[in-house]
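Read through the structure below, which is laid out as structure tokens, and then see the notes.
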Amino acid sequence: QVQLVESGGGLVQPGGSLRLSCAASRIIFSMYAMGWYRQAPGKQRELVATITSGGSTNYADSVKGRFTISRDNAKNTVYLQMNSLKPEDTAVYYCNAHRGMEDYWGQGTQVAVSS
């Protein structure tokens, strides 16, 4: 079965940086669009960033200029570099793989931004 395993979350001070990773297995990774979503307590899950199989990227307005999504098809891994973190970035971050009618999700990794 498909597995998406996120890592890299943690506690960071405002203005700090974190790099999330999501390792995929049992899919032809290069054929999938990959994305990062987040869900804060009491809120709906929201899109953070996506990257197509061809490498085109899309970002939520709230993270543009601060976050960068990238992928390494040789490693079956997608990354989310998060800079200038704010308290409002606190959430569980989920990795997503999408292709046609297929959608797969990871278990999530917690990011907490606090002084």
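The values are calculated or read from the model by the stated rules, or taken from the named source; none is laboratory data. All values derive from a computational prediction rather than experimental measurement. Neighbour counts run over all protein chains shown; Cβ positions are idealised from the backbone, glycine included. To get the accessible areas, we keep the full protein, side chains included, count just its heavy atoms, and leave off ligands, DNA and RNA. Shrake-Rupley method; radii C 1.70, N 1.55, O 1.52, S 1.80 Å.
Descriptive notes on the structure:
- Single residue of the stretch 37-61 satisfying the filter (open to solvent by less than 60 Å² (accessible area, probe 1.4 Å) and in a loop (DSSP other than H, G, I, E, B)) that is farthest from THR109 (Cα to Cα): GLY55
- Qualifying positions in the stretch 30-55 - touching a residue at least 24 places away in the same chain (Cβ under 8 Å) and aliphatic (A, V, I, L, M): MET31, ALA33, MET34, ALA40, VAL48, ALA49, ILE51
- Some residue of the stretch 57-77 being of a type in the set (Gly, Ala, Ser) and touching a helix residue (DSSP H, G or I) at 6+ places or on another chain (Cβ under 7 Å): no
- Selection within the stretch 69-95 - open to solvent by 30 Å² or more (accessible area, probe 1.4 Å), assigned to a strand (DSSP E or B), in contact with a Phe, Trp or Tyr (Cβ under 8 Å, 6 or more places away or on another chain) and in contact (Cβ under 8 Å) with a residue 12 or more places away in the chain: SER70, ARG71, GLN81, TYR94
- Annotation: of all residues in the stretch 17-36 being open to solvent by less than 20 Å² (accessible area, probe 1.4 Å) and modelled with pLDDT of 95 or more, the one that is farthest from the chain's Cα centre (by Cα) is TYR32.
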